[in-house]
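The values are calculated or read from the model by the stated rules, or taken from the named source; none is laboratory data. These numbers were taken from a predicted model, which means no experiment stands behind them. As a convention, Cβ positions derive from the backbone with ideal geometry for all residues, glycine included, and neighbour counts pool all protein chains shown. To get the accessible areas, we keep the full protein, side chains included, count just its heavy atoms, and leave off ligands, DNA and RNA. Shrake-Rupley method; radii C 1.70, N 1.55, O 1.52, S 1.80 Å.
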Amino acid sequence: MASLLKQPVKLALIQLASGADKAANLSHARTRVLEAASRGARIIVLPECFNSPYGVKYFSKYAEQLLPSPPSKEQSPSFHALSAMAKEAKAYLVGGSIPELDPDAKTLYNTNLTFSPTGELLASHRKVHLFDIDIPGKISFHESDALSPGNKLTMVDFPEYGKIAIAICYDVRFPELATIAARRGAFLLLYPGAFNLTTGALHWELQARARAMDNQVYVGLCSPARDMSADYNAWGHSMIVDPNAEILSEAGTGDEMVDAELKGERIEEVRKGIPIYTQRRFDVYPDVSKGDVKTEENGQPK
Ligand SMILES: NC(=O)CC(=O)C(=O)O
């Protein structure tokens with residue numbers, strides 16, 4: 001059987017410290033992306049809302065018109081900055097997320113853009129599951145007060161390496177997305193995300209390792225750095241997990257970067273050792289990856 005990952009690739013997650021100044025955030029992101037590339041990373045990931053503060057009151061202020069691509073520089077400085085970073089770094093760039101303004105639908109989304117090493121837009125993912133939670137005395141957050149949800153699973157085929165799936169933060173809590181993507185051939189699930197001090201302590205590592213273990217694929221969760229002077233305090237601890245649910249690399253809470261070499265043989269070895277891939281009982285329960293799943297691969301319906 002052909003390997004899901006055609007050749008080893010270095011993945012880097014940039015745990016960016018960002019603030020209220022969008023231009024400064026973009027410039028800082030560029031420095032870190034180039035640094036990751038100089039260390040050999042060929043897939044580079046930025047965090048959720050990497051160029052703005054994260055919070056319901058900030059989405060409209062920082063929103064840019066991203067689609068249909070390419071927007072003008074006035075409509076989206078971030079689109080053009082990300083495209084240029086990918087090109088300069090000669091790497092695939094999973095550009096975290098950006099608040100997106102859709103003027104036709106008169107709504108906002110929390111949107112990822114992914115660029116090729118030549119700076120072309122390969123895919124966009126609008127956060128499917130909005131972060132609406134209430135934990136009394138701890139945290140109350142309602143993305144749906146400002147945002148609309150996306151409506152598809154997003155996969156991208158990197159020809160030299162293979163397929164990856166991209167989703168955003170709260171999406172990681174919905175294992176169906178991960179399982180469908182893995183059964184459709186993804187070797188890596190990437191989640192730009194920003195858990196907080198309550199949910200991060202409880203579930204960040206658990207979610208990353210569970211998605212990896214259930215699907216026997218690599219998983220990367222990329223957080224912003226923690227800023228205790230911000231309204232929302234991100235958990236940090238960006239991490240890369242292997243197909244056996246082992247943490248390969250984990251950040252602390254600061255402006256850091258983690259990287260790791262991903263290898264196809266590791267996926268095969270883990271699947272051979274614990275062969276759940278051939279032991280599923282679709283005569284007992286349905287295969288969620290079959291049927292009517294709204295999926296886009298490289299921006300095309302699949
Ligand atoms: N910020 C999110 O979307 C999700 C999160 O913090 C959590 O699930 O916890």
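Conditions first: (1) small (Gly, Ala, Ser); (2) outside any helix (DSSP H, G or I); (3) in contact with a Ser or Thr (Cβ under 9 Å, 6 or more places away or on another chain). Residue 200 passes all but one, so which condition is the exception?
Among (1) small (Gly, Ala, Ser); (2) outside any helix (DSSP H, G or I); (3) in contact with a Ser or Thr (Cβ under 9 Å, 6 or more places away or on another chain), the lone unmet condition for residue 200 is (2).
Only one residue in 10, 6 is assigned to a strand (DSSP E or B), more than 29 Å from residue 232 (Cα to Cα) and of a type in the set (D, E, K, R), so which one is that?
On inspection, the qualifying residue turns out to be 10.
More than 17 Å from the chain's Cα centre (by Cα) and away from the ligand (no atom under 16 Å from the Cβ): does that describe residue 229?
yes
Restricting attention to region 131-153, which residues are part of a strand (DSSP E or B) and within 16 Å of the ligand (Cβ to nearest atom)?
Those that are part of a strand (DSSP E or B) and within 16 Å of the ligand (Cβ to nearest atom): 132, 133, 134, 135, 139, 140, 141, 142.
List, please: which pairs have Cβ atoms under 7 Å, are six or more places apart or on different chains, and start with a residue in region 76-89 that is part of a helix (DSSP H, G or I) and end with one that is among the β-branched types (Val, Ile, Thr)?
That search, which allows pairs on different chains as well, returns 78/98; 85/33; 87/118; 89/33; 89/44.
Considering only region 154-170, state which residues are within 13 Å of the ligand (Cβ to nearest atom) and either part of a strand (DSSP E or B) or more than 20 Å from residue 105 (Cβ to Cβ) (or both).
Residues satisfying the conditions are 167, 169, 170.
Can you work out which of the residues in region 43-73 that are at pLDDT below 95 and not hydrophobic (A, V, I, L, M, F, W, C) is least open to solvent (accessible area, probe 1.4 Å)?
Here the residue is 69.
How many residues does region 22-75 hold that are under 18 Å from the mean Cα position of the chain (by Cα), more than 16 Å from the ligand (Cβ to nearest atom), assigned to a loop (DSSP other than H, G, I, E, B) and closer than 29 Å to residue 7 by Cβ?
Qualifying residue count for the region: 2.
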